[in-house]
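Student: Mind having a look at this structure? Questions to follow.
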Amino acid sequence: MATTRVGDLDIVWDVAGPTDGEPVLMFNGLGAVRGSWHLQVPALAERYQVYSFDNRDVGETGPGAITAPYATVQFARDAAALVGSLETGPVHVIGASMGGAIAQELAIERPDLVRSVQIVCSWPWIEPWLSDLLQQWDEMFTAMGALAWARASWLWVFTHRWYEDAARIATLVDGVKHAPHPQTPEMFSRQCRAAREFDARGRLGAIRAPAHVIAAEEDIFTPPRYSVEIANGIPGATLTILPEVGHGMFWETPEAFNAALLAFLAANEA
């Protein structure tokens, strides 16, 4: 674990993998901490230098000194400053869900920092349906707490196959109950607001880095049509749709998901 001062934040990050490996930066989704990539980092770190970190308003990074509302681009600017401080040069970017929106912003705003970008189960804009869902999650988190929100969100994240093993859900529940750095309702609300204001339509064509868009066939939270729209908007983008899996593909079918990530990275090494 390391900490880097970026603006009003002390960003907490981890790195794994060979020092001479090409750098990979991983973006978390809404409410997720950097440890959410625990099934991906070891696989990627066999060849690449993999950086994972806690976004603004979550985990050990926390809220920072400035708690005014912000937009998704703020997450990207935090990350850009972190990359600059690490002196890695351009990085391969991987972002899931809200992290995929952040990845889009970084690739649009700072193309000099992005070697390639992989956008996973994300959205090109927040349409009214998704905006209302995020608003309801925000209200649920405030009224009922993190555990109630988490249990509701898992129904959108995992397929029925995941629920066939009760131990998986028990492990997730235990993780929320004993989170060492729990997200407060205020922190969650700011992340939700930032996500709800995202709109990359009309800007996706500015992404010039090699792009890979990954969707899940049975994703009910971010349906594949979102990923199709993203891929159609980015010149030369590759689209992969993984079968028989939902939004949480990185946990539910990590082998297939990791293979898709690694194949694209290998094809786009310097």
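The values are calculated or read from the model by the stated rules, or taken from the named source; none is laboratory data. Small disclaimer: the values here were computed from a predicted structure and weren't measured. Quick reminder, even Gly has a Cβ in these numbers, built from the backbone with ideal geometry, and neighbours come from all protein chains shown.
Student: Of Val93, Val12, Val33, which residue is modelled with pLDDT of 95 or more, surrounded by fewer than 24 Cβ atoms within 10 Å (Cβ to Cβ), within 30 Å of Leu133 (Cβ to Cβ) and within 11 Å of the chain's Cα centre (by Cα)? So that I can check it myself, show each step before the final result.
Tutor: Details: Val93 fails: surrounded by fewer than 24 Cβ atoms within 10 Å (Cβ to Cβ); Val12 fails: within 11 Å of the chain's Cα centre (by Cα).
Going through Val93, Val12, Val33 in turn, just one is modelled with pLDDT of 95 or more, surrounded by fewer than 24 Cβ atoms within 10 Å (Cβ to Cβ), within 30 Å of Leu133 (Cβ to Cβ) and within 11 Å of the chain's Cα centre (by Cα): Val33.
Student: A further question follows. Does Glu87 fit the bill of being modelled with pLDDT under 95 and more than 25 Å from Arg193 (Cβ to Cβ)?
Tutor: When the stated conditions are applied, Glu87 passes them.
Student: Inspect all residues belonging to the stretch 189-206 and state whether any of them is closer than 30 Å to Glu269 by Cβ, in contact (Cβ under 8 Å) with a residue 40 or more places away in the chain and either surrounded by fewer than 19 Cβ atoms within 10 Å (Cβ to Cβ) or hydroxyl-bearing (Ser, Thr, Tyr) (or both).
Tutor: Within the stretch 189-206, one or more residues are closer than 30 Å to Glu269 by Cβ, in contact (Cβ under 8 Å) with a residue 40 or more places away in the chain and either surrounded by fewer than 19 Cβ atoms within 10 Å (Cβ to Cβ) or hydroxyl-bearing (Ser, Thr, Tyr) (or both).
Student: Determine if the stretch 209-227 includes at least one residue that is assigned to a loop (DSSP other than H, G, I, E, B), modelled with pLDDT of 95 or more and among the hydroxyl-bearing types (Ser, Thr, Tyr).
Tutor: Yes: one or more hits.
Student: Related question: Would you tally the residues in the stretch 14-43 being part of a strand (DSSP E or B) and out of contact with any Lys or Arg (no Cβ under 7 Å at 6 or more places or on another chain)?
Tutor: So the count comes out to 7.
Student: So Thr88 fits all but one of (1) assigned to a loop (DSSP other than H, G, I, E, B); (2) free of Cβ contacts under 8 Å to residues at least 12 places away in the same chain; what number is the exception?
Tutor: (2)
Student: Sticking with this structure for a sec: Tally time: how many residues in the stretch 207-245 are over 15 Å from Gly100 (Cβ atoms) and either without any contact (Cβ under 8 Å) to a residue 12 or more places away in the chain or of a type outside the set (Gly, Ala, Ser) (or both)?
Tutor: Count: 10.
Student: Answer with yes or no whether Arg225 is basic (Lys, Arg) and more than 23 Å from Leu147 (Cβ to Cβ).
Tutor: Numbers: basic (Lys, Arg): yes; more than 23 Å from Leu147 (Cβ to Cβ): yes.
When the stated conditions are applied, Arg225 passes them.
Student: Taking the stretch 233-270 as the region of interest, how many residues are within 14 Å of Ser122 (Cα to Cα) and assigned to a helix (DSSP H, G or I)?
Tutor: Of the residues in that region, 3 qualify.
Student: Looking at (1) touching an Asp or Glu at 6+ places or on another chain (Cβ under 7 Å); (2) among the small types (Gly, Ala, Ser); (3) under 27 Å from Val176 (Cβ atoms), which is the only condition Ala76 fails?
Tutor: (3)
Student: While we're here: From the list Trp149, Trp129, Trp125, exactly one residue is surrounded by 20 or more Cβ atoms within 10 Å (Cβ to Cβ) and among the aromatic types (Phe, Trp, Tyr). Which is it?
Tutor: Trp149
Student: For the stretch 66-75, which positions are assigned to a helix (DSSP H, G or I) and surrounded by fewer than 24 Cβ atoms within 10 Å (Cβ to Cβ)?
Tutor: As a first pass, look at the stretch 66-75 and keep what is assigned to a helix (DSSP H, G or I): 72-75.
Thr72, Val73, Gln74 - these are the residues of the stretch 66-75 that are assigned to a helix (DSSP H, G or I) and surrounded by fewer than 24 Cβ atoms within 10 Å (Cβ to Cβ).
Student: Could you check, for the stretch 44-65, whether at least one of its residues is within 21 Å of Pro182 (Cα to Cα), basic (Lys, Arg) and either assigned to a helix (DSSP H, G or I) or in contact with a His (Cβ under 7 Å, 6 or more places away or on another chain) (or both)?
Tutor: The answer is no; no qualifying residue exists.
Student: Is there a residue being in contact (Cβ under 8 Å) with a residue 60 or more places away in the chain and within 30 Å of Asp20 (Cβ to Cβ) anywhere in the stretch 126-134?
Tutor: no
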